[in-house]
1. Could you work out how far the C-alpha centroid of region B:264-322 sits from that of region B:237-254, in angstrom?
2. Could you give each residue of region A:70-81 its phi-based ³J(HN,Hα) in whole Hz, using Karplus coefficients 6.51, -1.76, 1.60 with θ = phi - 60°, and x for Gly or Pro?
3. Among B:H149, A:H245, which comes first, then next, by fewest other beta-carbon atoms within 10 Å?
4. Would you mind ranking B:S335, B:S105 so that the residue whose beta carbon has the fewest other beta carbons within 10 Å leads the list?
5. Across peptide B:255-268, how many C-beta atoms of other chains are within 10 Å of each residue C-beta, on average?
6. Percent of Cα-Cα pairs more than 20 Å apart in region B:7-87, please.
7. Relative contact order, percent, of region B:88-421 when contacts are C-alpha pairs under 8 Å separated by at least 6 residues?
8. Taking Cα pairs under 8 Å and at least six residues apart, what relative contact order does region A:94-231 come out at, in percent?
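Where a number appears in this text, it was derived from the coordinates with a stated rule and is not lab data. Small disclaimer: the values here were computed from a predicted structure and weren't measured. We place every Cβ from the backbone using ideal geometry, glycine too, and count neighbours over all the protein chains shown.
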There are 2 protein chains.
Amino acid sequence: MHGDPLAPVLLILLIVLAAAKLGSEIFERLGQPAVLGELIVGLVLGNLVLLNADWTLFEPLRAANVTERWALIIDSLARLGVILLLFEVGLESTVSEMAKVGTSSLLVALVGVIAPFILGFGVSYLFIKEVPADVLVHLPSDFSVMNIHLFIGATLCATSVGITARVLKDLGKLQTKEAKIVLGAAVIDDVLGLIVLAVVSAIVSASITGSEVGALSLVRITAMAIGFFVVAIALGVVVVPRILHYLAKLRTAGMMVISSLLLCFLLSWLADAVGLATIVGAFAAGLILEEVHFKEFKETIHLHELIRPISTLFVPIFFVLMGIQVRLETFGDSSVVGLALGLTVAAIIGKQVCGLAVVEKQLDRVSIGVGMIPRGEVGLIFAGIGKALNIVDGALYSAIVIMVILTTLITPPALKLTIARWGRKR
Amino acid sequence: MHGDPLAPVLLILLIVLAAAKLGSEIFERLGQPAVLGELIVGLVLGNLVLLNADWTLFEPLRAANVTERWALIIDSLARLGVILLLFEVGLESTVSEMAKVGTSSLLVALVGVIAPFILGFGVSYLFIKEVPADVLVHLPSDFSVMNIHLFIGATLCATSVGITARVLKDLGKLQTKEAKIVLGAAVIDDVLGLIVLAVVSAIVSASITGSEVGALSLVRITAMAIGFFVVAIALGVVVVPRILHYLAKLRTAGMMVISSLLLCFLLSWLADAVGLATIVGAFAAGLILEEVHFKEFKETIHLHELIRPISTLFVPIFFVLMGIQVRLETFGDSSVVGLALGLTVAAIIGKQVCGLAVVEKQLDRVSIGVGMIPRGEVGLIFAGIGKALNIVDGALYSAIVIMVILTTLITPPALKLTIARWGRKR
């Protein structure tokens with residue numbers, strides 16, 4: 001009679017969270033990272049429809065453009081989940097720790113953008129000889145296939161840090177230098193990938209409309225992206241402790257968890273406003289906040305203990321949803337699979353080259369390279385932009401999706417394997 | 001470039017949470033319950049548009065039918081907030097404690113449904129002499145105005161327990177017998193109010209279509225409602241400890257918070273499925289779970305300490321949103337205000353009669369009556385059903401909204417006042 005519109009959301013949450021715990025329990029018993037279990041149960045739930053055409057419960061979550069009310073809400077809770085995850089991961093590092101590995105992170109990120117770009121361009125050059133007929137109808141007749149190669153190169157640049165951060169967290173390795181380098185590099189990567197995508201999109205758009213590329217707008221977006229991070233961290237380190245000093249004097253309850261989440265939401269929103277991923281802002285917020293800032297608060301609990309129950313609720317939704325959105329049927333199209341495998345190999349090798357850029361000695365370069373592999377939702381976002389620009393057709397989109405799936409599924413077990421060797425070496 | 005659709009949600013969350021903390025800080029310093037501060041800052045935020053027609057940021061949240069994507073998500077987070085609040089309130093009571101005050105709760109609830117029904121019917125009879133012309137066009141010409149009186153009586157029945165629960169929590173009085181009686185009565189009230197509404201809706205529908213009232217369907221919905229609560233609690237007490245005994249053996253992290261939230265979501269969803277409010281299920285889940293059930297879990301923290309950070313994040317969203325949705329301009333229509341004040345007086349006196357039904361001696365009957373006053377979102381839901389049945393027109397809807405606003409705003413300070421007298425009496 002009341003008919004709460006939240007009821008279907010509660011039902012899906014029930015299924016998703018119960019499945020997440022089942023999956024992570026099974027994979028932990030197999031000695032694998034819990035996050036892999038969450039991805040796999042999601043993959044099973046989402047693809048049950050292949051077994052029985054009536055099992056369409058999760059289809060609204062798998063639409064290219066989610067519109068169903070409850071699906072929108074689950075999708076938003078998942079996005080909140082990945083923001084909270086990166087905030088939590090940021091909390092486990094400090095700005096000074098990140099600065100220590102800054103040179104390596106920067107070099108890893110630079111190599112991790114350049115190498116996959118060249119390899120992706122190369123694979124596209126080998127597999128795609130001309131602009132596909134189904135997209136050419138939307139484009140000028142003199143549109144060069146080089147634009148598509150450029151775009152695919154850009155798609156391979158970005159690292160999706162969520163998976164790697166979660167695996168390192170599951171394995172208790174977030175405090176290692178390798179983890180700091182990968183996380184720092186992934187954040188710089190997001191900035192660099194954004195710049196590459198902005199530049200390539202501008203070139204492609206210009207060649208579609210026949211206009212000039214605005215060099216000024218490329219410089220502007222680049223400056224915005226780099227500026228955000230430098231300014232956010234610099235201001236954060238100076239201003240945040242002063243503000244928290246005053247907030248600690250308030251009488252109202254729960255100020256510790258609310259003030260830290262407000263900083264997380266603020267920087268996530270600002271990151272989005274300057275064109276970066278929200279998770280970059282969330283990570284920056286976590287980096288800025290340190291346990292010592294809260295010593296004046298009346299709460300006697302540690303900040304990460306306050307955040308953990310919230311992230312325990314939301315983070316699994318993100319990973320189960322990533323699994324649900326994998327369409328197993330895309331693996332069945334053989335014309336797509338060749339290109340997809342080529343891109344996947346380029347994506348993996350491109351990031352392996354990263355490891356060579358680490359300046360510190362005695363670090364595990366293979367683990368660093370493996371940690372940079374997953375493209376996750378960032379790759380899907382790039383593919384979506386290509387679709388919007390009318391240069392990515394259905395087959396190419398499927399190939400990119402398969403590349404994203406494979407890099408995402410390969411990373412947890414591969415990272416687990418490479419990290420397992422540390423025990424023997426050290 | 002990424003363009004996270006969550007970004008506008010993060011911005012609104014920032015404003016809403018910061019405003020909530022500002023409001024609760026000011027009201028706590030004034031010696032008032034924090035929740036009143038949250039309602040008032042929400043009221044200010046939502047009505048800024050009256051000062052400046054350009055300040056329309058919150059208008060999508062105030063639409064009769066929320067459709068904007070970010071507003072839908074904020075609305076859902078608020079609904080999750082009130083579910084978590086009632087779950088938390090339920091956690092602070094046990095089934096056996098509720099059973100002790102069961103007779104009083106049942107009597108309070110019965111009187112709290114009958115008295116406001118009669119008074120609401122009476123006020124409607126005094127103010128509304130004929131079916132308003134603007135609704136009569138949708139109805140048969142022989143449609144009796146008695147149907148409207150019946151419907152208004154039903155609208156005054158239900159108690160919205162969220163406000164009272166929060167005030168009692170803010171004042172640290174959840175462990176008093178008065179609190180248990182009010183909470184128990186409010187839950188029973190929801191069941192009774194549902195039955196009254198179902199019966200009245202069926203009578204009104206039948207007189208619109210000229211058909212017979214299905215006595216069988218009335219019996220069915222009544223049985224479902226009562227059955228849910230009895231079965232949920234009985235099964236919960238028997239089954240839940242056994243399931244938790246097994247879950248405690250799992251290796252995956254966070255099982256304590258996830259398993260308790262799963263029970264909360266399950267019963268909330270089931271409550272909705274049998275036609276009750278989701279919050280009734282959430283309260284039942286909290287009642288069933290007791291600290292002792294989790295003694296085998298590896299977490300060393302108390303359950304309520306795990307739930308608190310989550311509720312700290314979500315509960316204020318609900319109360320600020322309730323404030324935002326108050327339209328101050330409805331207070332300006334004098335033809336509406338008379339009826340509204342009549343309904344408000346009926347709503348208040350009707351629930352004051354409740355206090356007389358308490359069988360225990362030496363309890364504060366006035367506080368119990370005051371605690372039952374707020375109609376909150378339940379009143380709004382009833383008004384919405386009336387609109388859907390075409391028997392509630394714009395003026396009557398405004399009058400019901402004003403009644404809901406006044407009963408909601410009066411309760412926190414009134415309860416604070418009546419409870420303050422305890423100190424002198426005891």
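1. Taking the Cα centre of region B:237-254 as reference, the centre of region B:264-322 is 16 Å away.
2. So the Karplus estimates, Gly and Pro as x, are 5, 5, 4, 6, 4, 4, 5, 5, 5, 5, 4, x Hz.
3. On the way: B:H149 19, A:H245 11.
Ascending Cβ contact count within 10 Å gives the list A:H245, B:H149.
4. On the way: B:S335 10, B:S105 26.
By the 10 Å Cβ count, ascending: B:S335, B:S105.
5. On the way: counts 4, 2, 5, 8, 3, 0, 6, 6, 1, 2, 11, 5, 1, 7.
Per-residue shielding by partner chains comes out at 4.
6. Working: 1227 of 3240 pairs.
Every Cα pair in region B:7-87 considered, those over 20 Å come to 38 percent.
7. Working: 449 pairs, mean separation 98.6, N = 334.
It comes to 30 percent, rounded to a whole number.
8. Numbers: 130 pairs, mean separation 44.5, N = 138.
It comes to 32 percent, rounded to a whole number.
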